[in-house]
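The values are calculated or read from the model by the stated rules, or taken from the named source; none is laboratory data. Quantities reported herein were computed from a predicted structural model and do not represent experimental measurements. Heads up, the Cβs are rebuilt from the backbone with ideal geometry, glycines too, and the neighbour counts pull from every protein chain shown. Accessible surface is based on the protein model in full, side chains and every heavy atom, while ligands, DNA and RNA are left aside. Shrake-Rupley method; radii C 1.70, N 1.55, O 1.52, S 1.80 Å.
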Amino acid sequence: DEEFYARDMLAEYVKEGGLGEKPEAPDISEIDIKSVAEIKEIIDGLGVGVESTSEYYVLVTITDTPNSTYGNCNVMDSTGTIYVYGLKDSTGSSRYDALAVKPKKGDTVLLLGKVLLYYDKNSGETKYEIKNAKIIEINPK
């Protein structure tokens, strides 16, 4: 009668590639990258406070220093600027402060995330946002 422990299951999982390498970044030429202007058009079609059901790729440059905990920051491309509410790893499971390699101001990043027009009930203002964006690649070639 052999005993089986959770550590044995974890060891087997790791041996078979689990918790292994970061997923390979997609070939940029083969994905549908939206411009910031296109993202804003998509958001305009959603309505205030309505989060998209789809995720969108954007290739943007970080224009300010990301918040040290969540990575909140502004990003831009040649068509405009948009706010990123939270940067996460490529799987979406680790927030900015837990990342081994963090993008910084001036880096170009390929992001994937849901979008919305955020309504701040305190100020009454709205803000175009990419929410909990997954960092697919930093400074892609």
- Taking segment 105-130 and keeping residues under 19 Å from Asn67 (Cβ atoms), out of contact with any helix residue (DSSP H, G or I) (no Cβ under 9 Å at 6 or more places or on another chain) and among the hydrophobic types (A, V, I, L, M, F, W, C) leaves Val109, Leu111
- Query: How many residues are more than 12 Å from the chain's Cα centre (by Cα), outside any loop (DSSP other than H, G, I, E, B) and under 21 Å from Lys127 (Cβ atoms) if we restrict to segment 76-108?
  - Reply: 5
- Task: Collect the residues in segment 27-70 that are hydroxyl-bearing (Ser, Thr, Tyr), assigned to a loop (DSSP other than H, G, I, E, B) and either open to solvent by 40 Å² or more (accessible area, probe 1.4 Å) or under 21 Å from Ile138 (Cα atoms) (or both), keeping them in residue-number order.
- Result: Ser35, Thr53, Ser54, Thr63, Thr65, Ser68, Thr69, Tyr70
- Quick check: is even one residue across segment 83-90 among the acidic types (Asp, Glu) and surrounded by fewer than 19 Cβ atoms within 10 Å (Cβ to Cβ)? yes
- Assess whether Tyr13 counts as being at pLDDT 95 or above, of a type in the set (Phe, Trp, Tyr) and surrounded by 10 or more Cβ atoms within 10 Å (Cβ to Cβ). no
